[in-house]
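The values are calculated or read from the model by the stated rules, or taken from the named source; none is laboratory data. What you are looking at is a predicted structure, and each value in this text was computed from that prediction instead of being measured. Cβ: placed from backbone, ideal geometry, glycine included. Neighbour counts: every protein chain shown. Heads up: the accessible areas ignore ligands, DNA and RNA and are worked out on the full protein's heavy atoms, side chains in. Shrake-Rupley method; radii C 1.70, N 1.55, O 1.52, S 1.80 Å.
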Amino acid sequence: MNTAFFRLLFCSLFFAFSISLQGFSQKIKIEKLLIENREQPIGIDNAQPLFTWIISSENRDLRQTSYELQVSSSEKHFSSNIIWESGKVNTDQSIKVPYQGPELSSNQSYYYRVKVGTNKGNSPWSGIAAWQMGLLKESDWKAEWIIPGYEEPDGLKPSPIFRKEIQIEKQVTSATAFITAHGLYEAQLNGQRIGDAYFTPGWTSYNKRLQYQAYDITDQLKTGKNTIGAILGSGWYRGEIGWGVNKYGNGIALLMQIEVKYSDGSSQTFGTDSSWKSGTGAIQSSSIYDGETIDARKAQKGWSTADFDDQSWPNAKTADFGYTNLIATYNEPIRKQETLPAVKLITTPKGEKVLDFGQNLVGFVALDITGEKGSKITLQHAEVLDKEGNFYTTNLRAADQENTYILSGEGQEHFEPHFTWQGFRFVKIIGMEGEIHPENFTAVVLNSDMAKTGTFTTSNDNLNKLQHNIQWGQKGNFLDVPTDCPQRDERLGWTGDAQVFFRTAAYNMRVDNFFSKWMQDLAADQRADGAVPHVIPNVLGEHDAGSAGWADVSTIIPWQMYLLYGNQSILEKQYPSMKAWVDYIQNNSHHQLWNTGAHFGDWLFYRPDDDNDGRSALTDKHLIAQCFFAHSTQLLINTAKVLGKQEDVQNYTQLLEQIKAAFLQEFVTPNGRMVSSSQTAYVLALQFDMLPEDLRTQAAQRLANNIKSYDYHLTTGFLGTPYLCHVLSRFGQQDLAFTLLMQPTYPSWLYPISQGATTIWERWDGQKPDGSFQTPGMNSFNHYAYGAIGDWMYRNLAGINSSETPGETGYKSIIIRPHWNNQLLSDKVKEKVQQDLDEVNAQLQTYYGTVASHWKKENHQVTLNLTIPANTTAMVYLPTDSLETITEGGAALEKVKSIHTITQENGQVKLEIGSGNYTFIIAEKQN
Ligand code: RAM
């Protein structure tokens, strides 16, 4: 055989191989199915649940052209039990597609699958996914509310336990437990915990909205005798919260209903009633702020097993609390996320024994121990050590944050609290005799179990630490509601904090359901006159409402949810609340000038101690209020446009003009100077377009000069901080924004890092360079608000943005706008920073799939790797004017088919591209 033959053979083999490779790699699949933004949820009460599917394909430039959905009542016999088929729907919509079939039934499971047509061919049917409906009608509730049958003591109360034995005679095909409580519950079945959620039923505006949870207990039930029951804790319902107790009522109660379906087609319901028994056990007291005491000597061993003798337990009493406020659980439950070992054991100068977990975290410490009966171990929790290295708890104010365990003396014992959590890095151990073994103490991290959607890393260690601190601040404060802090006697759903951090939060985790739920509590707690409370759920007074920048959460978050998640239903749901808030402001304004009410202002702005020449960055509170009046009105107009409410669009557009005119008249001199010359004043005026076009450039210049006058430092508080760098970037001061970010000295984002911070602090100088603390009355070391810079980092350094055009939001159209020209650090800062940024790598899981942007500067060129998910397109802005030096995958741009347009404008190259993975190389121009 000659070489020509071999060459031919080799070529044809290679060709065949590459065809089959291509055939394989070009497959179009449905990678993930979500319903109500969750995978296979149970206990849904939306009559028209929303379907989302993620398409995967290695094809570039893939767009969905049609879909087909099928819903069946059977998984096994899917095709013969179809209850609804969408038919072929010609559309590119692949997220939040509503179910439109016949009415769905309570407690019924449904199964569905999807296939799509695309411009590159069709996908096969997806796998089958399931969901289960909740109890949809009041009359579905057969169980009765029960309360303890014994007299509860005054003061500290042991946790009630309720139990009941039930008999299962037939073969079970499915069993679901629906459970809720006044207070917190932990349910058990046959000696095992039901589910792995913590602090259920979660925190809502209980009197109007009380969630129940649904659990699949099919595998836990057995034929014969079964024991079900639950332990209760006071929790938010009647425990101390928001500086008082019994905010919702002084009794706690349980409601539990088990629905069992048998293989013969019959079904049976078991529910709480007066035949249930009630008693108490090991949990002697529990409080969110103060902690829990567990006396293992008093444990009712085996209380949820059939062998337990409950003769001496009184029957529970029933209570008539009704079912009208019951709702299904929409957000992800709190779950254990990870565990951390103690990194060292310290003996402080005062002689205290303290464990350091190396990370300020939220959860609790689990203890494994053997010891004598009656030995009492107390664990106290603190975020920081003081200047001398002693355990510091003054900043916790009245919260004890301590768990006490009393040993039964029966061999190896394991302790962890049930109805409380602590915010801590350090744990002081009291009462432990003999040597302390750090390995017996494990920190357990708890938070709402949302998908982690974002990662952000760079070549700069300090920025990576900042991102780490932002994410840990989010973990620690996203426990069913977004709280200000997780440790002191507060832990409330402060609205201002939530709105400033929202966008950053949405990069790091999928907070769609978490905030949808919370926004409905906001609407429930909004006053009749439209005022929005300072905290949600509102456990403060009726008068604690209506502060600018706090109450505006009511317009800001729904709109941002629409931008980031394509969530239009939240706009529909929240519209009356949004409108009521804007109307409230208008009703409290004079000639459209909002100059009434009490406001927090630019909370915790820069204030030097010895302020003789007026360096404090004070901003007039009504100037701020007027800016938010305009902003909320603008967002209401945007929303009215999306929802097609033309009359509102017209009316509020007129109102907005008047608001801005009133602003100019009251707060801006004819030459464009503002009555407050702070950074926050200029930032808000520019961010919310309060100034006419011709005054904007000079306002941005004043802002820049102000920053320079503080030697390249920020001076903003809660309200100015989130927009500061965005405004600088928008007005061509990208490098100044970057300088602020890299600034290592106070006030700055990186200063706390130089002090060893592992979370975001409430104050820019929570701990001073000499180790002393800010005033203990308000000095949390885990407060996410200033972490709002995360949004700027993802959007401007990595450059990942969604289009804000209606119809293209939620990353349907992506905007990639990275920045790597950061060489203009002021010399002073440069000396301290000593490091430019060479690499940024970020990823975001969207409802369409992964968006990724990774750039690296090396050898006079920048490599930019992008991932754009199927069924989306992207506009890419490259910060370079040298179009001719750019290649993609080694080819000139115009040769790349999936690059649809190439334009050059304002010193940038702009590319419109289809889905797929790209590698751009941008070489520096040789001068
Ligand atoms: C503090 C809270 C919160 C802030 C309010 C005004 O007590 O911690 O961060 O929003 O005050």
I need every pair where a residue in the stretch 702-722 that is touching a residue at least 12 places away in the same chain (Cβ under 8 Å) and within 16 Å of the ligand (Cβ to nearest atom) has its Cβ under 6 Å from the Cβ of a residue that is open to solvent by 10 Å² or more (accessible area, probe 1.4 Å) and of a type in the set (Phe, Trp, Tyr), sequence separation at least 6 or different chains. Gly717/Trp603; Gly717/Phe605; Phe718/Trp603
Which number in (1) part of a helix (DSSP H, G or I); (2) under 30 Å from Ser94 (Cα atoms); (3) open to solvent by 10 Å² or more (accessible area, probe 1.4 Å) marks the one condition that Gly807 misses? (1)
For the stretch 59-73, the count of residues that are more than 31 Å from the chain's Cα centre (by Cα) and in contact (Cβ under 8 Å) with a residue 40 or more places away in the chain equals 8
With the condition kept exactly as written, say whether any residue in the stretch 738-760 is touching a residue at least 24 places away in the same chain (Cβ under 8 Å), within 16 Å of the ligand (Cβ to nearest atom), β-branched (Val, Ile, Thr) and surrounded by 23 or more Cβ atoms within 10 Å (Cβ to Cβ). yes
Within the stretch 359-406, which residues are small (Gly, Ala, Ser) and over 31 Å from the mean Cα position of the chain (by Cα)? Gly371, Gly374, Ser375, Gly389
Looking at Ile557, is it part of a helix (DSSP H, G or I), in contact (Cβ under 8 Å) with a residue 12 or more places away in the chain, buried (at least 19 other Cβ atoms within 10 Å of the Cβ) and within 16 Å of the ligand (Cβ to nearest atom)? yes
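For every residue, the table says whether it meets (1) assigned to a helix (DSSP H, G or I); (2) more than 16 Å from the ligand (Cβ to nearest atom); (3) among the β-branched types (Val, Ile, Thr).
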| residue | (1), (2), (3) |
| --- | --- |
| His599 | no, no, no |
| Asp602 | no, no, no |
| Tyr606 | no, yes, no |
| Asn612 | no, yes, no |
| Arg615 | no, yes, no |
| Thr619 | no, no, yes |
| Ile624 | yes, no, yes |
| Phe628 | yes, no, no |
| Ala640 | yes, yes, no |
Select, from Lys137, Lys115, Lys96, the only residue that is under 33 Å from the mean Cα position of the chain (by Cα), exposed (fewer than 13 other Cβ atoms within 10 Å of the Cβ), more than 30 Å from Thr293 (Cα to Cα) and not acidic (Asp, Glu). Lys137
Within the stretch 496-515, can one find any residue that is under 12 Å from the mean Cα position of the chain (by Cα), within 12 Å of the ligand (Cβ to nearest atom), closer than 10 Å to Ala551 by Cβ and not basic (Lys, Arg)? yes
Looking at the stretch 767-801 only, could you name the residues that are within 16 Å of the ligand (Cβ to nearest atom) and assigned to a helix (DSSP H, G or I)? Pro776, Gly777, Met778, Ala785, Tyr786, Gly787, Ala788
Those residues of the stretch 523-533 that are touching a strand residue (DSSP E or B) at 6+ places or on another chain (Cβ under 7 Å), open to solvent by 20 Å² or more (accessible area, probe 1.4 Å) and either within 14 Å of the ligand (Cβ to nearest atom) or not in a loop (DSSP other than H, G, I, E, B) (or both) come to a total of 1
Might you check whether a residue that is in contact (Cβ under 8 Å) with a residue 40 or more places away in the chain, in contact with a helix residue (DSSP H, G or I) (Cβ under 8 Å, 6 or more places away or on another chain), part of a strand (DSSP E or B) and not aromatic (Phe, Trp, Tyr) occurs anywhere in the stretch 74-96? no
Across the stretch 484-495, what is the number of residues that are within 9 Å of the ligand (Cβ to nearest atom) and not in a helix (DSSP H, G or I)? 6
Just a yes or no: is a residue in the stretch 277-296 touching a Leu at 6+ places or on another chain (Cβ under 6 Å) and assigned to a loop (DSSP other than H, G, I, E, B)? no
